[in-house]
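The values are calculated or read from the model by the stated rules, or taken from the named source; none is laboratory data. Here the structure is a predicted model, which means the values were calculated and not measured. Here the Cβ positions follow ideal geometry from the backbone for every residue, glycine too, while neighbour counts run over all protein chains shown.
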Amino acid sequence: MVCDRDSGTGWPIDTSEVPFPGPAQAFTMPTYSPESILEYFEYDESAEACDLGDIVAIGTVFLSILYSLVFAFGLLGNLLVVFALTNSQKPKSITDIYLLNLALSDLLFVATLPFWTHYLMSEQGFHNAVCKLTTAFFFIGFFGGIFFITVISIDRYLAIVLAANSMNNRTVQHGVTISLGVWAAAILVATPQFMFTKQKANECLGDYPEVLQELWPVLRNVEANLLGFLLPLLIMSYCYFRIMRTLFSCKNHKKAKAIKLIFLVVIVFFLFWTPYNIMIFLETLNLYDFFPNCDMKRDLRLALSVTETIAFTHCCLNPFIYAFAGEKFRRYLYHLYRKCLAVLCGHPVHVSFSRTESQTSRRESILSSNFTHHTSDGDGSILL
């Protein structure tokens, strides 16, 4: 066996091993150019060839299509959130600050997907600067999105469960300071994932020092599992469990809707990210030859690619979960639609609301005030 270094983890691998290229190598997999990828075979201990060429070929087409779809929907949804937050004349709240930064981190993440798609289909690979920047933005956006989802959960906990104690701390200035700290933490946590990445022989890979080749991939995978999934999930679960207990004690008919949204936040995060993190863990075990069987290795490669794509689509759902579910944001989209229609038609279009809609809005404002009376959650988010 001849050892080589991979782009995703840096752990020694058989040069015959054939993983998927692109972001799938982000935590666990090496990257090879498409022209050379089918030339390699993986050999088990009994020296029988384990051909992964067909798995890689299917994965290349599969990932290219899905990365394009994730990019399109993620770009559109998160841009709408950014436009809504930045163009509104209403005073911003701390929730708006966190939602804006969540959308920006998701935009940073999805912005790398066209480059990975090009890398999948091209035989030339990246230039060295593009390789470094694409990998860096990918991981910073990845961890930034996870961290801001967690911060939003903590903010909801403070606003509802610890309302009296947190009222003076939940200001816009405080939100800006926390957001800057989250970005710094995302960069710090992401740095080990891309610090050794470089372009080498038309391949964007990690060129690790020899002393780190066995240890570094394990540490990176553990970091991804712990800081990118387990810890945020535990924090979110605790916060939303306490929030639900508080909401159940409040006499408000909007309580059911709030509880459904809370369930949606946790369940969607769990469903979309759990399979991928399980595969990262299994790939870590694979470093120690836990899966010597060829069929198991083929299934592992395919499952990692599929679960990765499912996880990445979560950035498309964030606008729906945190913003699109709010009536204010739907109203903003309606106004935006009318403005675009006015530009296309060449004449102004006046937006008006019926008496019923106005009465409904006033009635919901009263109910919202009643909810605020019990929770002191009066941040008045532009989107929610």
Residue that is assigned to a helix (DSSP H, G or I), out of contact with any helix residue (DSSP H, G or I) (no Cβ under 6 Å at 6 or more places or on another chain) and either at positive phi or crowded, with 21+ Cβ neighbours inside 10 Å (or both), where the choices are Phe263, Phe269: Phe269
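Please count how many residues of the range 82-93 are of a type in the set (A, V, I, L, M) and at pLDDT below 90. Break it down stepwise before answering.
Taking the range 82-93 first, the residues of a type in the set (A, V, I, L, M) are 82, 84-85.
The next check asks that each one be at pLDDT below 90; those that pass are 84-85.
Residues in the range 82-93 being of a type in the set (A, V, I, L, M) and at pLDDT below 90: 2 in total.
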Of all residues in the range 229-287 being at pLDDT 85 or above and of a type in the set (D, E, K, R), the one that is farthest from Val189 (Cα to Cα): Arg245
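Mind checking which residues of the range 105-123 are among the hydrophobic types (A, V, I, L, M, F, W, C), within 15 Å of Phe142 (Cα to Cα) and in a helix (DSSP H, G or I)?
Going through the range 105-123, the residues among the hydrophobic types (A, V, I, L, M, F, W, C) turn out to be 107-111, 113, 115-116, 120-121.
The next check asks that each one be within 15 Å of Phe142 (Cα to Cα); those that pass are 107-111, 113, 116.
Within the range 105-123, Leu107, Leu108, Phe109, Val110, Leu113, Trp116 qualify.
List the helices (runs of 4 or more DSSP H) that sit entirely inside the range 272-347 and contain at least 3 residues that are under 23 Å from the mean Cα position of the chain (by Cα) and within 23 Å of Ala84 (Cα to Cα). Reasoning before the result, please.
Working: elements: 294-312, 314-319, 327-345.
In the range 272-347, 314-319 are the helices (runs of 4 or more DSSP H) which contain 3 or more residues that are under 23 Å from the mean Cα position of the chain (by Cα) and within 23 Å of Ala84 (Cα to Cα).
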Out of Glu223, Glu203, sole residue that is surrounded by 15 or more Cβ atoms within 10 Å (Cβ to Cβ), among the charged types (D, E, K, R) and modelled with pLDDT of 90 or more: Glu223
